[in-house]
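> One structure, pasted below without further comment.
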Amino acid sequence: MVREFSTNTNLLAFNAEHIDRDMDELIAVYAAHGIRYLDLNFCEMMRPVSRLNDERAPSYIKRLKELKAEHGLSYIQAHAPYPVKNTPLSSWDEKIIKAMNWAYELGCPHIVVHPHGCDIEENIRRYERLLRETDITIAIENMESWNEISRSDEINEIIKSNPKRLKALFDTGHANIMGLDPDAEIKAYGSNLVGLHIHDNNGREDQHLFPFMGNIKWKNVIAALEAIGYDGYLTYEAMYFSRKFSIKREEFVIAEALNSFRRLF
Ligand SMILES: [Zn+2]
């Protein structure tokens, strides 16, 4: 595994002032703190006012390209938007396809696209449709509720339909909520595993906190990753820690994230 800190661009997206901070602003902050491996958060498209949803999108994508070159960054993953609750899935596919193509253009090796509901056959058909619209690999994430796809056997089954283009992303916090053993899950994914969402919780709520702030047994997680020869990044998706702090404390939030990352090894 890569022992360099990596995070979704949402690490500092929330703050006590409730000020929205977009990727292009945050990437410059991360770069200034020496963080070079980033997961692009196209979930920004879930906000109707996002620049990615209107004619400003091309210049936003261009800016992301420039930031990458300016700071020598690697965009190691991306996250596609997903349907807001109680809205039809079909209305989101257009946004998801846009995100997939932008992620590909920006050099991301894969993009996380959430499964929908719990029907495996339906998901296979949907991923097939999405893959036709893009050249990027899709990483399927384990979800956190009983009416969603959450286990490795389900995700591995979907991957079998197109093992070249479909891979797995293991979300540590979601598995913890579902009471799954991370050791068994990681080993079941094996070589299908291309990415991680690293975050911690109390086993009941999807708190998205830093490792060691909840009850995940991180030693087991790291040992299992080592056992399967995982060669990807340990990408933080821990955006709620910053929520109670002022924007002015961003340096502290980053320091806490980095401290928790060092403790993993
Ligand atoms: Zn996740």
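Read-outs: derived from the displayed coordinates by stated rules, not from any lab. Since the structure is predicted, the reported quantities are computational estimates derived from the model, not experimental observations. Methodologically, a virtual Cβ is constructed for each residue, glycine included, from the backbone with ideal geometry; neighbour enumeration extends over all protein chains shown.
> Tell me the net charge near residue 206. Cut-off is 11 Å between Cβ atoms, residue 206 excluded, with +1 for each Lys or Arg and -1 for each Asp or Glu.
Computed value for this residue: -4.
> Want the number for residue 121 to residue 157: 0.36 nm per residue separation, take away the alpha-carbon distance, what's left?
On the way: separation 36, 0.36 × 36 = 12.96 nm, distance 0.93 nm.
Going from the current span to full extension adds 12.0 nm.
> If we count other beta carbons within 10 Å of each Cβ, what is the order of 146, 92, fewest first?
Ranked by crowding around the Cβ, least crowded first: 146, 92.
> If the elastic network links every pair of Cα atoms under 10 Å, which of 186, 228, 76 fluctuates the most in the Gaussian network model of the chain?
Greatest mean-square fluctuation among the candidates belongs to 228.
> Given points 7 Å out from each Cα along the Cα-Cβ axis, report the residue 132 to residue 65 separation in nanometres with one decimal.
So the two model labels end up 2.8 nm from each other.
> Let me know the number of lysine pairs in the range 6-263 closer than 26 Å at the Cα, not counting same-chain pairs under 8 apart.
Lysine pair count for the range 6-263: 27.
> Report the gain in length on full extension from residue 49 to residue 106: 0.36 nm times residue separation, minus Cα-Cα distance, nm rounded to one decimal.
Full-extension gain reported as 18.3 nm.
> Sort 167, 95 so the one with the fewest other Cβ atoms within 10 Å of its own Cβ comes first.
95, 167
> Further question on the same structure: Between rounded, prolate and oblate, where does the chain land on the alpha carbon gyration tensor, with a ≥ b ≥ c its root eigenvalues, rounded for a/c under 1.5, else prolate if a/b exceeds b/c?
rounded
> A further question on this structure: Normalised by the number of residues in the range 6-263, what is the relative contact order in percent for Cα pairs under 8 Å and 6+ residues apart? Walk me through the numbers on the way to the answer.
On the way: 475 pairs, mean separation 47.5, N = 258.
For the range 6-263, the relative contact order is 18 percent.
> Could I ask something else about it? What list do you get for 87, 134 if you sort them by fewest beta carbons within 10 Å?
If I rank by nearby Cβ atoms, fewest first, I get 87, 134.
> Something else now. Expressed in nm to one decimal, what extension gain is obtained for the pair residue 4 and residue 86 from 0.36 nm per residue of sequence separation less their Cα-Cα distance?
The residue 4-residue 86 span can extend by a further 25.7 nm.
> Any idea how far the Cα center of the range 226-265 sits from the one of the range 87-157, in Å?
25 Å
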